[in-house]
Amino acid sequence: MGSPGHGRADEQLARLRALLAALRPANSFYTSKLAAAHAPADVSSLAEFAERFPFTTKAELVADQAQYPPYGRNLSFPVAQYTRCHQTSGTRGAPLRWLDTKESWQSMVDSWRTVLSAAGVHAGDRVLFAFSFGPFLGFWLAFDAAVQTGCLCFPGGALSSITRLRLLLENRVTVLCCTPTYALHLAEVAAREQVNLREGCVRVLLVAGEPGGSIPSVRERLQAAWPGAQVFDHHGMTETGPVSFQSVDHPDCLEVMEGDYLAEVVEPSSGAPVVAGQAGELVLTTLQRTASPVLRYRTGDLVKALPGAGPLRLAGGILGRVDDMVIIRGVNVHPTAVDHILRQFHEIAEYRVRVTREGALSGLIIEVEPSHGAALSVASVEEALRAALGLRVPVKLMPADSLPRFELKAARWIGESSHA
């Protein structure tokens, strides 16, 4: 668990105790789950909570919604009191539907306004949300938070990339909100269509949805592609809401909003806590979202807590997914590591990783697409991969515009062992 100061720990404990009191018997999912685990009705410390309360997993929630359709039992109020329905993307199994009351929704909007404030976004800014608005929670939260902040907001759904670029320039947009991959793609389209981004006013690239915003080479690539703009990373989940934002004092870290979340970092296989500085799985308890809470939720996100006092900071942001790692000839390979290596080559416009399998052995083949007019040395890319990973990874040069582009979370890893 993180190490908040005494004042923050007292605040977290008070909010946790209020949450536990509100759940039983109102929330039938947690009433039955906690009874089966012989969890106490109340706790006297955060340590007691971590010791005596069980984890919650996505598989449990999916099974509960399947057994009690369509929304499951993780609701602390009658359905008639809920006003918002969102769902997870379903890229990692069955999607989850998630309901919120006006009060729980506003608590998350307030958290998102904290993200905007930390990014230096304020009333009078003009914000373009460059993604198609669907059932996913983050889009709508970000939009509501920007509206309440006093920004002029532009929904960019159902528009082509070139139309979004024109909208951005014509309306003198100052903040672009999208995934790191899509920000790079927009810059690529701008170069191809001879749209001069230097004529724009974008000063903040507010990115999420992928680890790239906290990867140094990706950040440098983004800031080079968008002159005058600073990259600001954050992260969240449908099951929790907005969780963290880029630390002002440590730009390579994500700072957890500990007033809204009780965070732990555990060893993925045993569930035991890890020491600060050691990688582990992020576990979250929502302290404010009483209407549809999660207790000790195993997020599947791989993180590393920055040692030292102060707020909980995740060094390097979200390092990857616990289940994304592949083992190639005895070497653990995370997608974020490959992304960091490849993004150092400005001659690479896009890439794709094929995970192959021959008998009991897994392998990698990386397909790279060069930027328009760029001369890309495949040998140089292979050497960079070998030096960083200690592996010989074949790199295949692909024709221009042959690899897919992504507006939402990029699915670059494919093959029998991938989780795309």
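The values are calculated or read from the model by the stated rules, or taken from the named source; none is laboratory data. Given the structure is predicted, the values throughout are model-derived calculations rather than measurements. Using ideal geometry, Cβ is built from the backbone for each residue, glycine included, and neighbour counts are taken over all protein chains shown.
Total residues in segment 15-56 satisfying the condition of being touching a strand residue (DSSP E or B) at 6+ places or on another chain (Cβ under 9 Å) and either loosely packed, with under 15 Cβ neighbours inside 10 Å or among the acidic types (Asp, Glu) (or both): the figure is 0. Is there any pair linking a residue in segment 290-306 that is over 18 Å from Phe55 (Cβ atoms) to one that is among the hydroxyl-bearing types (Ser, Thr, Tyr) and part of a loop (DSSP other than H, G, I, E, B), with Cβ under 6 Å and at least six apart or on different chains, and which? That search, which allows pairs on different chains as well, returns Thr290/Ser76; Ala291/Ser76.
So which of Thr336, Thr290 is touching a helix residue (DSSP H, G or I) at 6+ places or on another chain (Cβ under 7 Å), farther than 23 Å from Gly7 by Cα and of a type in the set (Ser, Thr, Tyr)?
On the way: Thr290 fails: farther than 23 Å from Gly7 by Cα.
Sole residue among the options that is touching a helix residue (DSSP H, G or I) at 6+ places or on another chain (Cβ under 7 Å), farther than 23 Å from Gly7 by Cα and of a type in the set (Ser, Thr, Tyr): Thr336.
On the stretch given as segment 93-137, residues that are surrounded by fewer than 14 Cβ atoms within 10 Å (Cβ to Cβ) and closer than 18 Å to Thr179 by Cα total 2. Of the residues Ala400, Ala384, Ala410, Ala337, the single one that is touching a residue at least 40 places away in the same chain (Cβ under 8 Å), surrounded by 19 or more Cβ atoms within 10 Å (Cβ to Cβ) and not assigned by TED's automatic domain parsing to the domain that holds Glu220 is Ala410. Checked against the criterion of being part of a strand (DSSP E or B) and not acidic (Asp, Glu), the candidates Phe143, Phe139, Phe154, Phe131 yield just one match: Phe154.
Only a single item in (1) of a type in the set (A, V, I, L, M); (2) at pLDDT 95 or above; (3) within 17 Å of Pro242 (Cα to Cα) is not met by Leu137, and it is number (2).
Condition test on Val331, is it surrounded by fewer than 17 Cβ atoms within 10 Å (Cβ to Cβ), among the hydrophobic types (A, V, I, L, M, F, W, C) and modelled with pLDDT under 90? If you could, list the steps in order and put the result at the bottom.
Details: surrounded by fewer than 17 Cβ atoms within 10 Å (Cβ to Cβ): yes; among the hydrophobic types (A, V, I, L, M, F, W, C): yes; modelled with pLDDT under 90: yes.
The answer is yes for Val331.
Please verify whether segment 111-121 includes one or more residues that are touching a Lys or Arg at 6+ places or on another chain (Cβ under 7 Å) and either in contact (Cβ under 8 Å) with a residue 40 or more places away in the chain or not hydroxyl-bearing (Ser, Thr, Tyr) (or both). So that I can check it myself, show each step before the final result.
Looking only at segment 111-121, we keep the residues that are touching a Lys or Arg at 6+ places or on another chain (Cβ under 7 Å), and these are none.
No: zero hits.
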